[in-house]
Amino acid sequence: MKILVVEDEERVAHFIQKGLKEEGHAVDVSYDGEDGEFLGEINEYDLIILDLMLPKKNGITVCRELRERGISTPVLMLTARDSVEDKVRGLDAGADDYLPKPFAFEELLARVRALLRRQSESKSPILKVADLELDPISRRASRAGKNIRLTTKEYALLEYLMRNPGKVLSRTLIGEHVWDMNFDPESNVIDVYVSHLRNKVDKGFDPPLIHTLRGQGYILTDDAPPG
Ligand code: CA
């Protein structure tokens, strides 16, 4: 599993990183809130361990902003003390669990295991919007039971749209998630791929699922698109 640790105390960060690596996880470390939030947005982690008190941006704000951007990666919040207020603020901001410092590594590990298990159980194997289905394991798509052949990039784009049904996705967001952080949102690559996808997913089917919102981006929904 891929885990991000956001913790400004280097000693603690390295202790967590080392321990999780020994458990076989891939671990990135960030030492402040801004950088941590940036990494959490551009990379797909299975879990984020987030300290509450951080330079530049605190853990509560980082967590809330990640959630506002539709990132549902489980967050384990590290609080400096066993304060009910910190716990409530953390959970309100979208954290999944919290652990007061200082903690024994075994306890951290137990929380990490529980969150990763919950995460893999909650990931529904088949993504569905109306009669459009996508199986992330076999990477197959179908509409109304008919197979749809997709290129790797078309698949990635459709999976991203289907993991965010009913949400307006800007070109910038799509670029960052489906291409990479250096993607130029001014280029028309996304529009070209969306048009390919439409030909495969919507052409000859009803209702259309992929909608363009002028100046805003794209939305995948079987409802009438907003605006
Ligand atoms: Ca701290």
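The values are calculated or read from the model by the stated rules, or taken from the named source; none is laboratory data. Keep in mind that this is a model prediction, so the values were computed, not measured. Note that each Cβ is placed from the backbone with ideal geometry, even for glycine, and that neighbours are counted across all protein chains shown.
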| note | Within region 50-61, residues more than 12 Å from the ligand (Cβ to nearest atom) and either surrounded by 20 or more Cβ atoms within 10 Å (Cβ to Cβ) or aliphatic (A, V, I, L, M) (or both) come out as I60
| request: Could you please find all residues in region 62-75 being among the basic types (K, R) and within 16 Å of the ligand (Cβ to nearest atom)? | output: none
| said: Which count do you get for residues in region 76-107 that are under 17 Å from Q17 (Cα atoms) and within 15 Å of the ligand (Cβ to nearest atom)? | reply: 7
| message | Considering only residues that are over 19 Å from T73 (Cβ atoms) and either in a helix (DSSP H, G or I) or among the aromatic types (F, W, Y) (or both), which ones fall in region 7-20? | response | E10, R11, V12, H14, F15, K18, G19
| request: Restrict the check to region 85-103 and report whether at least one residue is modelled with pLDDT of 95 or more, buried (at least 16 other Cβ atoms within 10 Å of the Cβ), within 25 Å of V178 (Cβ to Cβ) and not assigned by TED's automatic domain parsing to the domain that holds L169. | output: no
| message | Residue pairs, Cβ under 7 Å, 6 or more apart or interchain, first in region 1-22 and within 16 Å of the ligand (Cβ to nearest atom), second assigned to a helix (DSSP H, G or I) and polar (S, T, N, Q). List them. | response | V5/Q17
| Can you tell me which of L108, L78, L150 is surrounded by 16 or more Cβ atoms within 10 Å (Cβ to Cβ) and assigned to a strand (DSSP E or B)? | L78
| task | Search region 34-49 for residues being surrounded by fewer than 17 Cβ atoms within 10 Å (Cβ to Cβ) and under 17 Å from Q119 (Cα atoms), and hand back the single one that is farthest from the ligand (Cβ to nearest atom). | result | E44
